[in-house]
Amino acid sequence: VALDLSDLSDVELDDYVRGIRAQIVELKAKLESIPSSRLRTVKVVRATFLTTGGILAGAVDAFGFLLVAIGLWDWIETLSEDAQAMNTQNSVSGELKYLQAQLGAMESEIQRRTTFDS
Amino acid sequence: VNGRQVPAMTENKMQILALSGYGSSEFEDLEVTESIVVIGDRSQAGRMDKHSKWGQILAYVLLLLLLLAVAAGAAVISVHASDNWIVVMLLAGVALGFGVAALFYRRFIDQQALSLKSELQEARNRADALGTATGRLRARRSSSGS
């Protein structure tokens, strides 16, 4: 149910803005940090080298398939983490759109009250 | 809380975040009489669910293709590798190609995160400006006695 901002008092409107601000901070905290993202890039590179090298080595010695297995493990782990990060980002993006709409409505309401006063 | 509505939050830790939006002097004014009543915004939760799992689907498709390629590669190598290096090189190339694809996928995620961060900052600035505007509105109305 959409909240009718015109029903809110000035104090409640102020509180509502604070609430939105807190939700923005919370959304920002959900996003992944740069170091952990870089770590996963390194893992992708490592997995690629292990798998490729493992295939090449596997032609000479069956031991190479062990490298392939380790590389695959790395790949599975990284891709599932990537998928999780992307899902989080998708949900953050959806929530952000909702908050932006709320901010737009707030701006209109404040504008309306200011015009009404003057 | 003290007759004031805390914005919709769904988990305990979020209640604290909601309260952190209050200024320090206002926070002292708050008095928790019985319990903090949080009205969860179910519609918001629904919106989150609606967001499709495209990221996950893409990752799993990529992974499935990789697994298939490597399994086929392992089978081919075990039969023909010793006398056919071209097949081995081809399979290694496929694995390398998947690695590059995975790196592009990572880059896409990073780009999306950067763009989200900048949008969040922009929204934060808008909220700050709105906070100032509401404060000014309140001050003007209280000074004019309306």
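Structural remarks
- Any hit, segment B:48-64, residues being at pLDDT 75 or above and more than 7 Å from chain A (Cβ to nearest Cβ): yes
- Residues of segment A:17-46 classified as buried (at least 19 other Cβ atoms within 10 Å of the Cβ), within 30 Å of B:Leu91 (Cα to Cα) and either more than 7 Å from chain B (Cβ to nearest Cβ) or touching a Leu at 6+ places or on another chain (Cβ under 7 Å) (or both), total: 2
- Residue within segment A:8-16 that is in contact with a Pro (Cβ under 8 Å, 6 or more places away or on another chain) and surrounded by 14 or more Cβ atoms within 10 Å (Cβ to Cβ) present: yes
- Residue tally, condition of a type in the set (Ser, Thr, Tyr) and facing chain A (nearest Cβ under 8 Å), over segment B:98-143: 2
- Picking from residues in segment A:96-111 that are more than 7 Å from every other protein chain (Cβ to nearest Cβ), more than 17 Å from B:Gly135 (Cβ to Cβ) and not polar (S, T, N, Q), the one that is surrounded by the most Cβ atoms within 10 Å (Cβ to Cβ) is A:Ala105.
- Residue-level check: of (1) out of contact with any Asp or Glu (no Cβ under 6 Å at 6 or more places or on another chain); (2) within 7 Å of chain B (Cβ to nearest Cβ); (3) in contact (Cβ under 8 Å) with a residue 40 or more places away in the chain, A:Ala85 misses just (1).
- Conditions (1) in a helix (DSSP H, G or I); (2) modelled with pLDDT under 90; (3) not charged (D, E, K, R); number of the one not met by A:Ala62: (1)
- Options A:Ala57, A:Ala22; residue that is at pLDDT 85 or above, assigned to a helix (DSSP H, G or I), aliphatic (A, V, I, L, M) and within 22 Å of the chain's Cα centre (by Cα): A:Ala22
- Residues (free of Cβ contacts under 8 Å to residues at least 40 places away in the same chain and either of a type in the set (Lys, Arg) or in contact with a helix residue (DSSP H, G or I) (Cβ under 8 Å, 6 or more places away or on another chain) (or both)) located in segment A:92-107: A:Ser93, A:Gly94, A:Lys97, A:Tyr98, A:Gln100, A:Glu107
- Every pair of residues 6+ apart whose Cβ atoms lie under 9 Å, when the first sits in segment A:25-36 and is over 20 Å from A:Leu99 (Cβ atoms) and in a helix (DSSP H, G or I) while the second is modelled with pLDDT under 90 and of a type outside the set (A, V, I, L, M): A:Ser36/A:Glu81
- Condition met for A:Ala69 (surrounded by fewer than 19 Cβ atoms within 10 Å (Cβ to Cβ), modelled with pLDDT under 90 and either in a helix (DSSP H, G or I) or more than 8 Å from chain B (Cβ to nearest Cβ) (or both)): yes
The values are calculated or read from the model by the stated rules, or taken from the named source; none is laboratory data. From a predicted model like this one, the values you see are computed outputs, not experimental measurements. Positions of Cβ are generated from backbone atoms using ideal geometry, with glycine treated the same way; all protein chains shown enter the neighbour counts.
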